[in-house]
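Visitor: Quick one: this structure, given as structure tokens, is what I'll be asking you about.
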Amino acid sequence: TWTIADSPVMIIGDVTVPSGSSLTISPGVAVLFTGPYRFTVNGTLNATGTSVQPIFFTRAAETDESRWHGIRFESANDSSILEHCIIQHVYKYDSYYQNVRGGGVLIDSCSPTIRHCLISNTFTRNDNRNGAGGGIYITGGSTSLIEYNQIADNESDSGGGINVGGESWPV
């Protein structure tokens, strides 16, 4: 559990919540990325903020070096949730197309809930125009509940806000 007493949580490398494990992030916590790191969830993530105390996922400084690579739900537990979270300043530019899917959030082969979140100022592109889902990219048969979010000011080669593929049917 990351609590308000731990905040800000400074990320200095890739973060993974392994399969069978869980991470709870309390309201008001700021998760600050110091570089181009990924936050990957293979287990369970419970990031439930409030309207008064959202959870922030953003860069640690207003520099190009501090831009990060987003949250990736990959075969994660379907009970994972992002609620009242602010996800900002993600930057992905890579020649390999799998690395430019889902700017703010990638959902692959699982169905987390994303509710009451702001996803903004994310960027995902490459020279082959493979970037997809500047805000959210959903694939792998996912049926996530995506509701009451503000997804704005994002850039991608395809689907600046949300891109759905791979026989997925979000609700």
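The values are calculated or read from the model by the stated rules, or taken from the named source; none is laboratory data. Just so it is clear, the model here is predicted, and its values are computed rather than measured. Here the Cβ is made from the backbone with ideal geometry for all residues, glycine too, and neighbour counts use every protein chain on show. Accessible surface areas use protein heavy atoms only, side chains included; no ligands, DNA or RNA. Shrake-Rupley method; radii C 1.70, N 1.55, O 1.52, S 1.80 Å.
Visitor: In the chain, which longest range has no GluC sites (Glu not before Pro) that are both DSSP loop (not H, G, I, E or B) and surrounded by at most 15 other Cβ atoms within 10 Å?
Guide: Details: sites that count: E62, E167.
The reported range is 63-166.
Visitor: For V52 paired with S19, estimate the spin-label separation in nm (one decimal), with each label point 7 Å from Cα along the Cα-to-Cβ line.
Guide: Here the modelled spin labels are 4.1 nm apart.
Visitor: Something else now. Based on the Cα atoms of the chain, what semi-axes does the equivalent ellipsoid have, where each is the square root of 5 times one gyration tensor eigenvalue, given in whole Å with the largest first?
Guide: 22, 19, 15
Visitor: Can you give the longest run of the chain that contains no chymotrypsin sites (Phe, Trp or Tyr not before Pro) sitting in a DSSP loop with at most 13 other Cβ atoms inside 10 Å?
Guide: After excluding every exposed loop site, the longest remaining stretch is 1-95.
Visitor: I need the per residue convex hull volume for the stretch 30-93, using only the alpha carbons, in cubic angstrom as a whole number.
Guide: Per-residue hull volume (Cα only) is 77 Å³.
Visitor: To continue, here is another question. Say each of T34 and A61 gets a label point 7 Å from the Cα, pointing the same way as Cα to Cβ; how far apart are those two points in nm?
Guide: 1.0
Visitor: Once neighbouring chains are kept in place and the probe is 1.4 Å, which whole percent of the accessible area of the chain is contributed by carbon and sulfur?
Guide: Details: 3460 of 7600 Å².
Accessible surface attributable to carbon and sulfur in the chain totals 46 percent.
Visitor: Additional query: Over the stretch 1-85, what is the relative contact order in percent, taking alpha-carbon pairs closer than 8 angstrom and at least six residues apart?
Guide: 31
Visitor: Relative to the present Cα-Cα distance, how much length would full extension add between D78 and V9 at 0.36 nm per residue of separation?
Guide: Full extension of this stretch gives 22.4 nm more.
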